[in-house]
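Notes follow once the structure below has been shown.
Rule-based calculations on the coordinates, nothing more; no lab input. Model, not experiment: these values are computed from the prediction. So basically every Cβ, Gly included, is an ideal-geometry build from the backbone, and we count neighbours across all protein chains shown.
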Amino acid sequence: MLKSKKILIAVLVAVVAIVATIFTFFQKNLGGASGGAVAYVDTISNIMGSTGGGNDRYSGVVEAQQSVKVNKNQEKKIEQVFVSVGDQVIPTTVLFRYDVSEAQKQISSINLDIESLRGTITDKYNEISSARNDGTKIEQISIYENEIRAAQLSIQQKQLDLAAKQKEIDTADVLANTTGIIKAINENSTDAQGNATAFIEISQSGDFRVKGTIDETSITSISLGQEMIVRSRTDESKFWTGKITEIKTEPNAKQNDMYSMGGSSNSEKASTYPFYISLDSSDGLMLGQHVYLEKNNGTAVKKDGIWLDASYIVMEGDKAYLWVANQNHRLEKREVEIGELDENLYQYEIKSGVSESDSIAWPMEDYKEGMKTESISTVGSGE
């Protein structure tokens, strides 16, 4: 726990240092070049996003930990498939049915054979009875008895054949043996190289993992074992935690299937690579659900209100101030009401005095009220 907290503090210090460097660069370099003192500002909403881990956000999809493969008997013909890709199935769902018309014909033929053999046995018993009455030689009666035993053995074999054919009919319906969603149906049961594949694949429900995709320009930013946050797209207060357990080194086959929302602006042209997150718990997630993925820097819980790094706040006695750009794009030292301190993230709650749309500056020693302000986002844009 202590080690994790030290790592978190180190990450936060690094973030703060980067933001400070950016503001200092703009202030000392760009401000000086313009020939006048300028305070560079950014909106509070942007600042909260950059310190909350929002820059390294990716899209992902919930999938089964494994797929159940259902093979078909290559020697049998399939009469009908009852499911399609995307269908939900349970253990009683009929997936497909074998063609048993030939087995039904054979059952009819076997039954006729059995009836014929039974008739033969009856005839032989009658012949034995007549032979005994006529005083026929014992040798002839023995022949009749042997023919009866042979017919009886044939009936036993026919009954075994009949049971096998009946079982073939009774098991013609192939059922799902798990709960899940139909992932694939391979009509030919072979891939492009001729290798055998399962006829039907079912993605199991229950324990899930999350598949994300990252472009080649950002892939070095993730690593095996890295803790991640899986966040609901519809309600970002709902989240799950887990770790990256696999990073594929082969690019996705469909390069136009772009999941990545972070990284380079050239991601549409870059190769993408899948990575997988094993979840601590998947309760509440649904198979196929689309989610956001973030690095877990201790910011899993989305707090209500405005929370700013303590270094933005200027304390004078018991009063707190922020350097804010007013409506005239001039710097003002505005008093704000601060609330509790998040000791893990070193962030103060700003209870009143500013809104998320306000733009603020990183405190500098030479700031004065009335200084011209300029948004960082407009620098170099010609605005």
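Can you give the charge dipole size of segment 299-371 about its Cα centre, rounded to the nearest 20 debye, using +1 on the beta carbon of Lys and Arg and -1 on the beta carbon of Asp and Glu?
Taking the Cα centre of segment 299-371 as origin, the dipole is about 240 debye.
Maximal additional length on extending the Ala184-Ser84 stretch stands at 35.2 nm, based on 0.36 nm per residue less the C-alpha distance.
Once the chain from Leu153 to Glu102 is taken as fully extended at 0.36 nm per residue, the excess over their C-alpha distance is 15.9 nm. Shape summary: segment 101-170 maps onto an equivalent ellipsoid whose semi-axes, from the alpha-carbon gyration tensor, are 34, 10, 6 Å in decreasing order. Amide H contacts of Val336: Ala320, Tyr321, Leu322, each under 5 Å away and 5 or more positions distant or on a separate chain (H built 1.01 Å from N in the peptide plane; Pro and chain starts excluded). The modelled label-to-label distance between Glu332 and Asp123, using points 7 Å beyond Cα along the C-beta direction, is 11.7 nm.
Listed here are the pairs Lys76/Lys248; Lys295/Lys333; Lys77/Lys158; which of them are more than 28 Å apart at the Cα? Distance filter (> 28 Å) returns Lys76/Lys248; Lys295/Lys333. Shown is the FRET efficiency for Asp304 and Ile247, computed with R0 = 35 Å from the Cβ-Cβ distance and rounded to the nearest 0.05: 0.50. Structural descriptor for segment 91-250: relative contact order 22 percent, calculated from alpha carbon pairs under 8 angstrom and at least 6 residues apart.
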